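Input: a single structure, listed below in structure tokens.
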């Protein structure tokens with residue numbers, strides 16, 4: 001469904017991602033884990049071209065794109081097949097929760113206001129925010145804002161939703177409600193690529209876990225393979241550090 | 001002695017030029033906003049020599065009194081227009097240049113610098129996150145501009161822009177120097193006719209005050225409405 005081949009990205013001559021291959025099947029939940037600064041978020045941002053890779057190929061929804069020669073139209077096309085949930089929610093501050101969810105449907109997908117409204121209500125209900133549809137982002141908690149942003153991503157019916165550390169900016173007591181919504185999305189059959197530091201959540205929810213290190217895919221496999229049976233030294237080192245810190 | 005009836009009589013005469021004054025100020029506001037937006041845009045491009053030229057221009061405009069600029073334009077604009085038109089073989093009598101044009105040109109240029117600052121500030125207040133969110137949802141550049149950036153920047157720039165409008169209205173009192181009759185100029189004329197300068201200026205002050213008060217009220221209402229729930 002989504003296929004990345006030989007993706008390379010550099011910032012000002014520094015290699016950030018090197019020769020990344022990644023395959024995601026329809027309905028799969030793929031989690032990217034690894035140390036900070038290792039390129040997980042950059043990889044996610046390459047998929048919707050918020051960062052433009054130097055080279056590489058992507059297939060998504062039956063179409064192939066060459067990153068080194070991708071034009072404006074193809075960029076928009078690719079972006080319209082994906083949606084992203086950001087670490088800082090990135091809601092439109094001057095719009096209410098429901099307007100945030102409706103906007104892209106009307107602007108990008110040219111849906112009527114009524115259609116967009118109904119779809120948005122449905123998605124806001126799914127994340128449990130039907131009581132907050134008319135609230136502005138600054139009237140919502142971080143967890144609620146993030147759930148609005150999940151509803152906004154769902155509403156455009158993308159091929160894949162990219163979650164970029166969706167709980168990292170949240171107070172600990174708000175993490176649970178957002179994880180629950182993500183789980184809900186995963187259960188609905190949506191294809192998901194998730195960058196997270198919530199290891200136990202990653203283990204529970206993922207079909208595939210990708211461990212990244214120094215801009216490369218160090219190891220990938222089923223969650224139990226990575227978390228329990230890995231013999232990759234870097235993976236073990238990372239997980240051990242992680243568990244030690246958690247205790 | 002001070003005569004309240006004369007104040008009222010002057011008031012009636014002065015109010016007659018209020019529409020013209022407001023219209024002039026509005027034209028200047030719009031032109032300076034457009035010029036300011038262009039300045040902001042050009043500066044954001046960071047073109048080496050152009051950037052320095054604009055910086056020098058800005059410092060010049062900030063560092064010279066409006067009166068001086070007004071006279072500068074008053075005496076130079078006819079020459080500029082004449083020589084410009086002669087390039088195309090069109091004859092032009094320098095004396096026929098409307099002095100209102102002089103006022104509009106001068107103040108539009110003067111206040112474009114301030115408008116540019118206002119726009120830059122408003123743009124700065126818009127966080128990049130929202131632009132990325134729009135991009136990630138597949139908004140085109142113009143959709144992002146129309147649906148995300150401009151509505152918020154407008155709201156942000158509104159109070160300062162309206163403040164600039166009030167400043168322009170008051171600054172127009174200098175237009176008298178180049179024979180354009182605004183509120184202040186009218187007060188001088190009325191005063192000169194009756195030798196009741198004090199009453200005329202009291203009336204002028206009242207008119208300015210009422211205009212500014214009313215505009216401030218309207219803008220506050222408008223801003224609250226535009227911002228609705230968000231800060």
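A compact table of results
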item	result
Nearest-0.05 FRET efficiency for residue A:224 and residue A:244, computed from C-beta distance (R0 22 Å)	0.60
Residue mean of other protein chain beta carbons inside 10 Å, A:103-112	4
Average partner coverage of A:20-28, which counts Cβ from other chains inside 10 Å	0
GNM top mover of B:46, B:220, B:66 - chain B, alpha-carbon springs below 10 Å	B:46
Euclidean distance of C-alpha centroids, the range B:1-78 and the range A:129-206, integer Å	51 Å
DSSP beta bridges in the protein assembly as shown [antiparallel fraction, %, rounded to 5]	55 percent
Among B:50-63, A:226-239, A:21-34, the order from most to least packed when residues are scored by Cβ within 10 Å on average	A:21-34, A:226-239, B:50-63
Chain A shape via C-alpha gyration tensor axes, a/c threshold 1.5	oblate
Residue-averaged 222 nm ellipticity for chain B, from DSSP H runs of 4+ at -39500 (n - 2.57), nearest 500	-26500 deg cm²/dmol
Distance between the range B:84-119 and the range B:181-231 - C-alpha centres, whole angstrom	26 Å
For a label point 7 Å along the Cα-to-beta-carbon line of residue A:109, residues of the range B:127-156 with backbone N under 15 Å	B:137-139
Value at 222 nm in deg cm²/dmol, rounded to 500, when DSSP H runs of n ≥ 4 in chain A each add -39,500 (n - 2.57)	-12000 deg cm²/dmol
Geometric extent, Cα atoms of the protein assembly as shown - Rg, Dmax (angstrom)	30.7, 102
Translational D in µm²/s for the range A:135-216 (Stokes-Einstein at 4 °C, 1.567 mPa s, Kirkwood Rh from C-alpha pairs)	95 µm²/s
FRET efficiency, residue B:27 to residue A:72 (Cβ-Cβ, R0 35 Å, nearest 0.05)	0.40
Packing-based ranking, highest mean first, of A:89-97, B:171-179 given that Cβ atoms within 10 Å are counted	A:89-97, B:171-179
Residue B:38/residue A:234 FRET efficiency (R0 60 Å; Cβ-Cβ; nearest 0.05)	0.65
Simple spin-label estimate for residue A:207 and residue B:215 in nanometres, 7 Å along Cα-Cβ	6.3 nm
Relative contact order, percent, the range B:18-180 [alpha-carbon distance under 8 Å, six or more residues apart]	37 percent
Segment residue B:96-residue B:145, extension gain: residue separation times 0.36 nm, minus the distance between their alpha carbons	13.4 nm
Inter-chain Cβ neighbour average for residues A:90-102, partner chain, 10 Å	4
Value of relative contact order over chain A, rounded to a whole percent, pairs C-alpha under 8 Å and six or more apart	25 percent
Mean separation of Cα contacts under 8 Å (6+ apart) over length of the range A:92-157, as relative contact order %	47 percent
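A short reminder: the numbers here are calculations on the coordinates, not readings from a lab. All values reported here derive from a predicted model rather than from experimental measurement. Positions of Cβ are backbone-derived with ideal geometry, glycine not excepted, and every protein chain shown enters the neighbour counts.
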